[in-house]
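Beneath this line is the structure, given in structure tokens, with notes to follow.
Every number here is computed from the coordinates shown, using simple stated rules; none is lab data. Just so we're clear, the structure is a prediction, and the values are computed from it rather than from any experiment. FYI the Cβ positions are ideal-geometry reconstructions off the backbone, even for glycines, and counts take in every protein chain you see.
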């Protein structure tokens, strides 16, 4: 896995606008895809502007080895992602991948995936992967509003999906962590995988600890290189400051120095 | 095929392209992407006397044509370097130079003595220019008398090629270059990062945990070139130039300004293969201009 990294010109073969803030790019590799694991990410070069100097990291959303494509779920946030949102089929994109570690393979079938906002990105790939291991996880995904609820059919192929929206226009009203699945006295899970905003992941981590459930989270820190040399994306762990781009992005919550 | 080799204070570099400390780890992360043996040399991450955790997150801010960092010399100390890192890098088929830093003169001396014992490390680069540590670092690099002192003390114990990396955060770069040459430096490296800052207006807070940090990338290239040019005219030791080099053309500019070799820094983050591409680009330039050896470019700027 460590000797697997590529810098390639990938070709845009699909563009799906999920809603005004999110889109999915499908990218075709020029040669056989390297082995990619759920939780790994790609560093995308945004050319043509002095303010988008560094690459942008995105979780790998899905992998299709038969078609030699990967997909990235992207939230439009700043100039870099606005530029990417203007890409068209046939355009090429310089991508460094696959980077970082991955979610661990669970030793239980009682698995819960929790994703909020753009943090759902690696969970579709993870649920595909779990499906191949004959595991059907429960998947709780949170969105701002009905308009942003997307790809539920895809998730439903691999797991039992529960939706929240901040405004209650679809699924249960509230944040992901407000979902009734978390309100039970005993949560019927032995493993939780989580990705989303920091505050949400910290709440999920607290719940996991309270219920003594093993939990992994995928962090998103500001990074320059993405492959372990700049030491900018560090997070404090039980082994000191570790690199989110190499030792992460996935960490077991027991290792993080979270408050 | 032109002769790309350069001689830096008795050390032969197979070409003038090296990588800047702090942007290349200990080299091992790059073996996924390039053959390190194609480079003239590598400057590995700063080594200090003891373990340093570095600064708190956030440590990085992207800026126009560059980035600010405040890593703060995170490393596991010289013992760990000699025991764990050195065996992994000692047989790279390139010149491996160790960047040495500290908070006190004694710490610089201690680290230099330890590195002096490592057979396959032919030189050190004294880092008296890191803007991201509270004690030492840049403090030594901005006052000429202190720069002379730390260089002299290290010179007394260090027997191989002694390079000193200069800070651009000074009024007169030539005064500092002369100060370290007086202290016994064989080579000067310039420039380290420029002190800068970034502000998040929504939160009305600095972006970096340390408020200020070091600016690198193409944004600083004109400043770096000017300083290399000034130092080239002021001192008589080889110069290793860096600051915003993104391609072979940038590298050639530094050679023309007077650098005998160059370091690729921040560009490694964006394209880990860039250093090798720059070697090829310099070769292509020499062939195109029918220049037989790269040393003919060093300081060859025409100003009349």
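Worth pointing out:
- Inter-chain neighbour count for B:49-60: the average number of beta-carbon atoms from partner chains within 10 Å of each residue's beta-carbon is 4.
- Cα centroid separation - region A:189-229 against region B:238-304, whole Å: 44
- Kirkwood Rh and Cα Rg combined as Rg over Rh, evaluated for region A:111-218: 0.93
- With both labels modelled 7 Å from their Cα along Cα-to-Cβ, the residue B:199 to residue B:303 distance reads 3.8 nm.
- A simple spin-label model places pseudo-atoms 7 Å from Cα toward Cβ; at residue B:223 and residue A:169 they are separated by 4.7 nm.
- Region B:1-48: C-alpha gyration tensor shape, a/c 1.5 cut-off, then a/b vs b/c: oblate
- When peptides B:72-79, B:201-208 are sorted by average Cβ neighbour count within 10 Å, with the highest value leading, the order is B:72-79, B:201-208.
- Inter-chain Cβ neighbour count for A:228-241, averaged per residue, equals 6 (cutoff 10 Å, partner chain atoms only).
- Once the C-beta distance of residue A:157 and residue B:249 is scaled by a Förster radius of 51 Å, the resulting FRET efficiency is 0.50 to the nearest 0.05.
- Note on region A:145-167 and region B:139-199: Cα centroid distance 59 Å, given to the nearest whole angstrom.
- Each Cα pair under 8 Å and six or more residues apart adds its sequence gap; the mean of these over the residue count of region A:6-99 is a relative contact order of 41 percent.
- Relative contact order, whole percent, for chain A stands at 17, derived from Cα pairs under 8 Å and 6 or more residues apart.
- Chain B shape via C-alpha gyration tensor axes, a/c threshold 1.5: rounded
- Chain B: relative contact order in percent, alpha carbon pairs under 8 Å with at least 6 residues between: 21
- Of A:88, A:32, A:239, the residue with the greatest mean-square motion in the GNM of chain A, using alpha carbon springs below 10 Å, is A:239.
- Ranking of A:191, A:5, A:77 by count of other Cβ atoms within 10 Å, fewest first: A:77, A:5, A:191
- Cα-based helix-to-principal-axis angle, A:121-132 vs chain A, degrees rounded to 10: 70
- Taking a ≥ b ≥ c as the square roots of the eigenvalues of the alpha carbon gyration tensor, chain A is prolate, as a/c is not under 1.5 and a/b beats b/c.
- For the peptide B:62-75, the mean number of other protein chain Cβ atoms found within 10 angstrom of a residue's Cβ is 4.
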